[in-house]
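Report on the following structure.
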Amino acid sequence: MRLTKKDLLGIQDLSVDEINLILDTAESFIEVSTREIKKVPTLRGKTIINLFMEPSTRTRTSFEIAGKRLGADTVNISATTSSVVKGETLIDMARNLEAMNPDVIVIRHNASGAPHMLAKLVKQSIINAGDGAHEHPTQALLDMMTIKARKGRIAGLRVAIIGDIAHSRVARSNIYGLTRMGAQVTVAGPATMLPRQIEQMGVTVHQHLEEAIKDVDIIMMLRIQTEREQQNIFPSLREYSRCFCLNRKNIRLAKDDALVMHPGPINRGVEIAPDIADGPASVILEQVTNGVAVRMALLYLLTGGKS
Ligand code: CP
């Protein structure tokens, strides 16, 4: 089976079969990263541009590693080192990058919809690496891969997503993906961090962490996004932590074999206690490892590879 799309813009656009195709392909790429020589010639001659207009550690690095492990040439552009600082628009920049004839452009941007605009503008495949508070599809795919690897399935699992749901593109993509794959999703956070009518996305809503994580299989903690507009939506970090920090006491409410996930970066002691982040239930670094495989799978499938 092939991925017939030109672009990967959001999980909302993906069918169950397409999600399974990406996860199965990613599974087959895991082995490459365990070899002594971590490189295959699959994408030799292809060029991938990583255009990151917002900071990133995991996503940018793993896209670069994914491209290199598949033998592609990868080029990284950041906001501070590009001609954006001289006033160039995103549209002009995209047209200039298109003129250099790359095969894939990976973009992270603080404006929701920026990847969608580029996808209409240029002939290359566009991958959304996070657009504003809208979607972060590759994060949700690596999260689903991690859940499937550990639990053997996604359908029927109970998943709690806790924290700043309103500003979280990770939450939005995971809600689309997990509900489509048959999981039961619960969200919890301060009322000011829960989007209105979030129930319409097919989730159950709680205002207390303790209610949301009771008997769940997966706890997905989210970071307070201090770089986005957060004034007056919670009293203080200490107050937030008192109510919404996952710790050794409240984690006992979840199933004994519950997994703890976090997309990173972590605010230790704010949304997650350090001993939980580093403890036996945590799969946070497995998420990062799987991120390379998921991104290899997407680069491969979008450039014409078959499952
Ligand atoms: N999870 C995630 O997107 O991390 P980065 O911001 O470091 O890429």
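The values are calculated or read from the model by the stated rules, or taken from the named source; none is laboratory data. Everything numeric here is computed off the predicted structure, so don't read it as measured data. Counting neighbours? That spans all protein chains shown, and the Cβs are built from the backbone with ideal geometry, glycine included. Remember, those area values only see protein heavy atoms, side chains included, never the ligands or the DNA or RNA. Shrake-Rupley method; radii C 1.70, N 1.55, O 1.52, S 1.80 Å.
Computed over region 54-166, the P(r) curve from all C-alpha pair distances, binned at 5 Å from the origin, holds 2, 9, 17, 21, 20, 13, 9, 6, 3, 1, 0 percent per bin.
Could you give me D for region 65-104, from Stokes-Einstein at 10 °C and 1.306 mPa s, where the hydrodynamic radius is the Kirkwood radius over C-alpha pairs? Units µm² s⁻¹, please. Please list the in-between numbers first.
Working: Rh = 11.6 Å.
This corresponds to a translational diffusion coefficient of 137 µm²/s.
Overall, the accessible surface of region 1-86 at a probe of 1.4 angstrom is composed of carbon and sulfur to the extent of 52 percent.
Measuring nothing but alpha carbons in the chain and taking Rh as the Kirkwood radius, the Rg to Rh ratio lands at 0.97.
Globularity index of region 231-307 is 1.48 (Cα radius of gyration / 2.2 N^0.38 Å, N = number of residues).
Once the Cα atoms are used to define both axes, helix 16-29 deviates from the longest principal axis of the chain by about 70 degrees.
Taken along the Cα-to-beta-carbon direction at a fixed 7 Å, the label points for residue 28 and residue 214 span 4.5 nm. Expressed per residue, the C-alpha convex hull volume of region 1-68 stands at 126 Å³.
With the biggest extent put first, the Cα atoms of region 45-119 measure 34, 27, 23 Å across the principal axes. Angle of helix 90-99 to the longest C-alpha principal axis of the chain, folded into 0 to 90 degrees and rounded to 10: 40°. For the set 6/46; 214/255; 5/68, the pairs lying more than 18 angstrom apart at their alpha carbons are 5/68. Rolling a 1.4 Å probe over the protein heavy atoms of region 101-185, with every protein chain left in place, gives an accessible area that is 47 percent carbon and sulfur.
Determine the sum of side-chain charges near residue 115: Lys and Arg each +1, Asp and Glu each -1, restricted to other residues whose C-beta is under 9 angstrom from that of residue 115. Intermediate results must be reported in sequence, preceding the final value.
Numbers: positive: 108; negative: 7, 131, 135.
Summing Lys/Arg as +1 and Asp/Glu as -1 gives -2.
Among residues other than residue 183 with Cβ under 12 Å from its Cβ, the summed charge is +3 (Lys and Arg +1, Asp and Glu -1).
Protein heavy-atom accessible surface, 1.4 Å probe, per residue over region 109-254: 42 Å².
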